[in-house]
Amino acid sequence: MDTLTTYRSIVGDMGKLASALSLLGWDQQTHMPTKGVAIRSQVTGKLSKMQFELLTSDELGTCLAELRTANGLSELERASVRRVGKDHDRNRAIPAELIEEQSIAQTQAQTAWIAARQASDFGAFRPHLEKMVGYARKFAEYYGYEEHPYDALLEDYEPGMTCRKLKAIIEPLRAELVPFLRQLMEKGTRPDASLLDGTFDAETQRRLCRRALEVIRYDFEAGGLADVAHPFTTTIGPGDVRITNRYLEAHLLSSVFGALHEGGHALYNQGMPEELYALGIARGSSNGIHESQSRMIENQVGRSLPFWTFFQPVLAEFFPQFKKAKAKDLYAAANVVSPSLIRVEADEVTYNFHIMVRFEIEAGLLDGSIDVADLPRLWNDAMKRYLGVVPPNDAQGVLQDVHWSMGYFGYFPSYMLGNLYAAQMFRTLRKELPTLDKSIQAGNFEPLLGWLREKVHRYGAAYEPQELMKRITGHELDGSHFVSYVTEKYGAIYRL
């Protein structure tokens, strides 16, 4: 058996284990009974350890050493060797036993978070979170870093990103957006969103969201839609990319935008060729690039006037009270700016402030300057400082996100970076597809999806984020595109 064949076999086995873990994770958050947690945590721990042992094996290391200098590899095979090789080198320092131990704790922490959030009881979740923070610190030390332990974890989600670089992105963004938000609140004319008041049946919302997903060309023969406390998308494998959503009867657009957001993620993975799965690079270029796809479909598309011109009669099919609603009024109502408590419900102008709060806290947890016990107070203080609002309870405050229970420290900045990547990509997309608005208004999403398939989806993780951005837009990430986008759009909506 030649080296490339051996390499493909090992990577393929890793992919099969990843598929099983994804399926178990999806089931845990959608259908698994509470009493199943104990055995599920043992199973996921065992599979995680097996996957990790393959990734860090001497056999894979030998293959990588040969393939890094081999001739005759395809472009995708070379990309696979680069990305898998980086993961191999990085994780060789981690004891396999720690992976299993952390995976068991993670499964238990997720279940504890759900119960604690329902009861709005941070104290019940605190010991689990302390464990997850402890694991995060251990992993940072094993990975190694030059300046800050958080840098070691950021690398998992956003290759090449560091605390220093994030601060360089955040500071000018904050300098532009804080005064703009103040201007909107003090001098702008707030749109009337009263047409969205009311109670909207959850089952009808569910059917509406399925239609919205069909509209953007999500393939239900290669996926599905389930209910969950915190929406997510999971990839089981080629031909199986599943979406989850939640339905709030007093907030109709929450589920619509949730479906569009998760649909954007799912389109990315549904658009990856099967060869990427075989080579272990059927994931986003980075979490930020993956988030750019969801935020683009949710915001640049879903919160646009052309979309609502098309979608208004669709909405009226399910909720007849919107038969006489005007598209421009729905568009305005969908774009009200209001500092709020919940990240996933936040508008485009204030959303990044939620990420800044989390980045500040996570960096402090990792370097030891923040204790888990102090999180509710520090969270509330940061929310008041950034957004001028204070959560009335833990459920709407420090417990609102699932990520910490999963040990995903370093993940949150990807949400902000996704907004910035999306704005920069969309500017290029508009130049290359000058009739995009007309297509969307007509309900034809094929040109948009075709562009994304060609420029983003088909590459998976073949290129790291800054290289991919240069290929698409000609430049590395530049946050000024996002600032221009929101100030132009919301300045017009608020009649500034």
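Just so you know, all these numbers are worked out from the coordinates, no wet-lab data involved. Predicted model only: the values in this text are computed from it and were never measured. Methodologically, a virtual Cβ is constructed for each residue, glycine included, from the backbone with ideal geometry; neighbour enumeration extends over all protein chains shown.
Here are some notes:
- Shown here is the pair-distance distribution of segment 253-409: with all Cα-Cα distances grouped in 5 Å bins from zero up to the longest one, the shares run 2, 8, 14, 16, 15, 14, 12, 10, 6, 2, 1, 0 percent.
- DSSP beta bridges in segment 219-358 [antiparallel fraction, %, rounded to 5]: 50
- Mean projected area of the Cα convex hull of segment 49-186, taken over all directions, amounts to 13.2 nm².
- In summary, the convex hull built on the alpha carbon positions of segment 3-120 has an orientation-averaged projected area of 8.5 nm².
- Considering every alpha-carbon pair of segment 337-486, the percent of pairs per 10 Å bin, from zero through the bin containing the longest distance, is 10, 32, 30, 21, 8, 0.
- Note on residue 324 and residue 435: with the Förster distance fixed at 30 Å, the Cβ-Cβ geometry gives a FRET efficiency of about 0.55.
- Simple point charges give the picture: +1 on the Cβ of Lys and Arg, -1 on the Cβ of Asp and Glu, and for segment 3-120 a dipole about the Cα centre of about 340 debye.
- The magnitude of the dipole of the chain, with charges of +1 and -1 set on the Cβ of Lys/Arg and Asp/Glu and taken from the Cα centre, is near 1260 debye.
- Helical runs (DSSP H, four residues minimum) scored at -39500 (n - 2.57) apiece and divided by the length of the chain put the mean residue ellipticity at 222 nm at -20500 deg cm²/dmol.
- Loop-resident trypsin sites (Lys or Arg not before Pro) (DSSP state other than H, G, I, E or B) in segment 3-90 with no more than 16 further Cβ atoms inside 10 Å of their Cβ: 68.
- Length gained when the stretch residue 183-residue 381 is fully extended (0.36 nm per residue, less Cα-Cα span): 69.0 nm
- Remark: segment 407-496 projects, on average over all directions, an area of 7.8 nm² (convex hull of Cα atoms).
- Whole-number percent relative contact order across the chain, with pairs defined as alpha carbons under 8 Å at least 6 apart: 20
- Fraction of alpha-carbon pairs over 37 Å apart in the chain - percent: 26
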